[in-house]
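One structure below.
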Amino acid sequence: MHKRKTRRRRVTLAIAMGAVVAGGLAVLPMAALADTTSRTAGATSSTRQQDFASAAAEYHVPSSVLLGLAYQESAWESHGAQASADGGYGPMHLTDVTPAMMASGGAGAVGRSDLKSLAAQPALHTLQAAAKLTGLSEDALRKDPAANIRG
């Protein structure tokens, strides 16, 4: 009988420890995931996390909101100065979609006569809106991850 109690305690303890470890892993801050090095031409390197913290402080937005939005939009994937398949640039996936982009690739818009009006929707041009709001150039918002996060 004593061996059975000891075995149950060990199994219970192992399950409890596994739950604690799994719970701890589940609540790691997203900031740790975004802590990758970003480099800009001619500038010293800084961590992406610092870029998010700076933008959060400048615009009075919680950094967790910026991190979550960036992950939702781009999964923190970098395409350099190239647009993603959805026409977005940088970690914040600022968009600048053209009719040509919509007509090519997998957008499903090939042959549509209304591409110009579809591509004119403001939601597809967040890069221009960010440039106006921040005073940063569209080129900087495309190429510089820190500027993109500010945008």
Quick count over region 58-89, residues being at pLDDT 90 or above, in a loop (DSSP other than H, G, I, E, B) and not aliphatic (A, V, I, L, M), is 2
Cβ-Cβ under 9 Å, sequence separation 6+ or interchain: first residue in region 83-104 and aromatic (Phe, Trp, Tyr), partner surrounded by fewer than 22 Cβ atoms within 10 Å (Cβ to Cβ) and part of a loop (DSSP other than H, G, I, E, B). Which pairs?
Tyr89/His79; Tyr89/Ala81; Tyr89/Gln82; Tyr89/Ala83; Tyr89/Asp96
Looking only at region 53-74, count every residue that is surrounded by fewer than 11 Cβ atoms within 10 Å (Cβ to Cβ) and over 21 Å from Gly135 (Cβ atoms) and tell me the total.
2
Restrict the check to region 133-143 and report whether at least one residue is in contact (Cβ under 8 Å) with a residue 24 or more places away in the chain and of a type in the set (Val, Ile, Thr).
no
Using the structure shown, decide if Gln50 is part of a helix (DSSP H, G or I), open to solvent by 70 Å² or more (accessible area, probe 1.4 Å) and modelled with pLDDT of 75 or more.
yes
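The values are calculated or read from the model by the stated rules, or taken from the named source; none is laboratory data. None of these values were measured; they are calculated from a predicted model. All Cβ positions, glycine included, derive from the backbone under ideal geometry; neighbour counts span all protein chains shown. Ligands, DNA and RNA are excluded from the accessible area calculation, which covers all protein heavy atoms including side chains. Shrake-Rupley method; radii C 1.70, N 1.55, O 1.52, S 1.80 Å.
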